[in-house]
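What follows is one structure encoded as structure tokens, with my remarks underneath.
The values are calculated or read from the model by the stated rules, or taken from the named source; none is laboratory data. On a predicted model such as this, the values are computed, not experimentally measured, just so you know. Positions of Cβ are generated from backbone atoms using ideal geometry, with glycine treated the same way; all protein chains shown enter the neighbour counts. Each accessible area value is taken on the protein alone, full model and side chains, heavy atoms only, with ligands, DNA and RNA left out. Shrake-Rupley method; radii C 1.70, N 1.55, O 1.52, S 1.80 Å.
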Amino acid sequence: IGVDIFFVISGYLITDQIVHEIREKKSFNLFSFLIRRVRRIFPILLFVIIFCIPFAVYLFYPVALVEFSNSLISVLSFLSNIFFHYSEIQYGAEDEQFVPFIHTWSLSLEWQFYIAFAVFLFLFKSHLDFAKTIVFLIFLLSLAISHYGALFHPQFSFYFMPTRIWEFFLGSLLVLNRKKL
């Protein structure tokens with residue numbers, strides 16, 4: 001539940017930041033926004049990765065080390081949610097104790113949200129009322145897909161954006177309905 005709450009808070013903060021730039025500066029610099037996100041996320045992520053590498057080299061057998069290396073690539077490309085889904089590792093299962101970066105699935109989803117939502121608001125910066133309607137409709141659709149996915153496809157539902165975006169958009173809608181657009 002902590003990650004779910006974090007996604008709502010992240011949606012709120014990112015939307016608030018972007019809408020503030022659009023309203024106050026009358027523009028939104030997508031590149032600058034993404035660079036700020038990289039500066040916030042990459043230093044600690046790189047520290048954790050560099051810290052873990054010697055332990056992995058020392059502790060893992062060659063096959064596990066290859067899997068570890070593949071997970072590093074997915075982490076650095078912010079696609080670890082997809083990687084861990086298709087590697088069929090269930091989050092919280094006993095076998096995931098030898099997968100040190102499995103927790104980065106949520107960071108990947110957050111980064112995917114940053115990019116997609118920033119581009120979306122950039123494209124609709126002159127039409128935020130219309131953007132709010134689209135966000136609300138996607139929120140409802142994602143909530144329905146999430147419910148269906150939890151019942152019939154829990155692994156997919158856990159790792160992928162279509163079933164998680166409603167959480168980010170809940171936070172976004174709080175901002176979009178609070179701000180005078």
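Here are the numbers for the structure shown:
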quantity: Distance (nanometres) between label positions extended 7 Å along Cα→Cβ at residue 53 and residue 13; calculated: 2.8 nm
quantity: Anisotropy class of region 65-145 from Cα gyration tensor, a/c 1.5 cut; calculated: prolate
quantity: The chain - percent of accessible surface contributed by carbon and sulfur, probe 1.4 Å; calculated: 70 percent
quantity: Helix runs (DSSP H) in the chain reaching 24 Å along axis by Cα, Kyte-Doolittle at least 0.5; calculated: 2-24, 30-59, 105-123, 128-152
quantity: Spatial separation of Cα centroids for region 114-181 and region 25-71, in angstrom; calculated: 25 Å
quantity: Once exposed loop trypsin sites (Lys or Arg not before Pro) are cut out (DSSP; at most 13 other Cβ, 10 Å), longest piece of the chain; calculated: 27-179
quantity: Mean separation of Cα contacts under 8 Å, 6 or more apart, over the residue count of the chain: relative contact order %; calculated: 37 percent
quantity: Qualifying GluC sites (Glu not before Pro) in region 24-126, DSSP loop, other Cβ atoms within 10 Å at most 10; calculated: 88
quantity: Surface accessible to a 1.4 Å probe, per residue, for the residues of the chain, Å²; calculated: 58 Å²
quantity: CD proxy at 222 nm, helix term only [per DSSP H run n ≥ 4: -39500 (n - 2.57); per residue of the chain; nearest 500]; calculated: -26000 deg cm²/dmol
